[in-house]
Amino acid sequence: MLNCTAASRAKKTAGLAVTYRAAPGDMYGTCPDTCPLKPVETKTREIDREYESAVRHSVPKRGLAFLFTHFAPHLWAERNTGDRAQCTFNYSAPTLEAAANETALGNASVAVVPADYWSDRDSDKITIANGVRGVRCPDETTGIGCASCGGGRPLCSRADREYFIVFTAHGVSKRKAGDNAERGGCYAGGGNVALHWRGLSNREEPAESDAAAHRDFVKTLRPHTILRAHIAGDIGRVIAA
């Protein structure tokens, strides 16, 4: 199920079109079990191919689209091409090293570091893993928001970048994020994001598929819109109860 907003009012994503995705009765139900940030198991192991194709090929006219997924790149039906008419998939890697390795293979990647990661480092904006540069999300140090990032072309929308993006753990569960030995570090598991996400999962299941809903939503967006698909949720195939 999708919750679609044409113009977000949240501080970081202000002005972007955004969606949330959840399974009926389970807000984590579209996320893969391999995600170390999930607090519970969902047995979700496969990608919803219809939905994957819909988000890959539905981009606002003369606009941009990007998303984050915990499904590894080798599982995607298509790789990023750098074509602005396609949504950029960012692999949410479990470690900096994994993000670096995927970046070296040409797969746009991101990773999360603990809340105190930058406190004792020479730079609070750049890190290196396996010889690959990691760039801290600019919003964390400047507060510019996604809409102004990269001069209106957000770094996360750039499929051909030679660096990975680093996010610092935040939210009510930030202590657990960055520590893969302990489940439950998902930033969307608490606060306002969780309220929206949980509310979506409790709605009555619509007749329209998520793929159709996403395509229909994108058709309504104004030209030059930047779309971030599923602020919370993923591209997993929902398992029927």
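Taken together, the values in this text are just the output of simple stated rules run on the coordinates, not laboratory data. Please read these numbers as outputs of a predicted model, since none were measured by experiment. All Cβ positions, glycine included, derive from the backbone under ideal geometry; neighbour counts span all protein chains shown.
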message: Which trypsin sites (Lys or Arg not before Pro) in segment 5-53 sit in a loop by DSSP (not H, G, I, E or B) and have at most 16 other Cβ atoms within 10 Å of their own Cβ?
response: Arg9, Lys11, Lys43, Arg45
task: Using 0.36 nm per residue of separation minus the Cα-Cα distance, give me the extension gain between Thr81 and Ala6 in nm, one decimal.
output: 24.4 nm
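Once fully extended, how much extra length lies between Lys61 and Arg45, figured as 0.36 nm per residue of separation less the alpha-carbon to alpha-carbon distance? Show your work: numbers first, answer last.
Numbers: separation 16, 0.36 × 16 = 5.76 nm, distance 3.26 nm.
Length gained, Lys61 through Arg45: 2.5 nm.
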query: Given the chain, what percent of its DSSP beta bridges are antiparallel, to the nearest 5?
result: 35 percent
field: Nonlocal Lys pairs with alpha-carbon distance under 21 Å, the chain (8 or more apart, or different chains)
entry: 8
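What does the C-alpha gyration tensor say about the overall shape of segment 76-129? Classify as rounded when a/c is under 1.5, otherwise prolate if a/b is larger than b/c, or oblate. Kindly include the intermediate steps, with their values, before the conclusion.
Values: a/c = 2.65, a/b = 2.34, b/c = 1.13.
Note, shape of segment 76-129 comes out prolate.
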query: What base-10 log of the normalised intensity I(q)/I(0) is obtained for segment 2-228 from the Debye formula, alpha carbons as equal point scatterers, at q = 0.07, 0.09, 0.13, 0.16 Å⁻¹?
result: -0.20, -0.35, -0.77, -1.25
message: Only four residue types carry charge here, +1 at the Cβ of Lys and Arg and -1 at the Cβ of Asp and Glu. Report the dipole size of the chain about the Cα centre in Debye, rounded to the nearest 20.
response: 740 debye
- line: Taking the alpha-carbon centre of each part, the distance from segment 197-215 to segment 86-149 in Å is 31 Å
- line: Loop-resident trypsin sites (Lys or Arg not before Pro) in segment 93-165 with no more than 16 other Cβ atoms inside 10 Å, DSSP not H/G/I/E/B, are Arg121, Lys125
message: Just to confirm the filter: which GluC sites (Glu not before Pro) across segment 60-142 are DSSP coil and have at most 16 other Cβ within 10 angstrom of their Cβ?
response: Glu78
- prompt: Any idea which of Asn90, Leu64, Pro39 is furthest toward the positive side of the dipole for segment 1-97, if Lys and Arg beta-carbons carry +1 and Asp and Glu beta-carbons -1?
  reply: Leu64
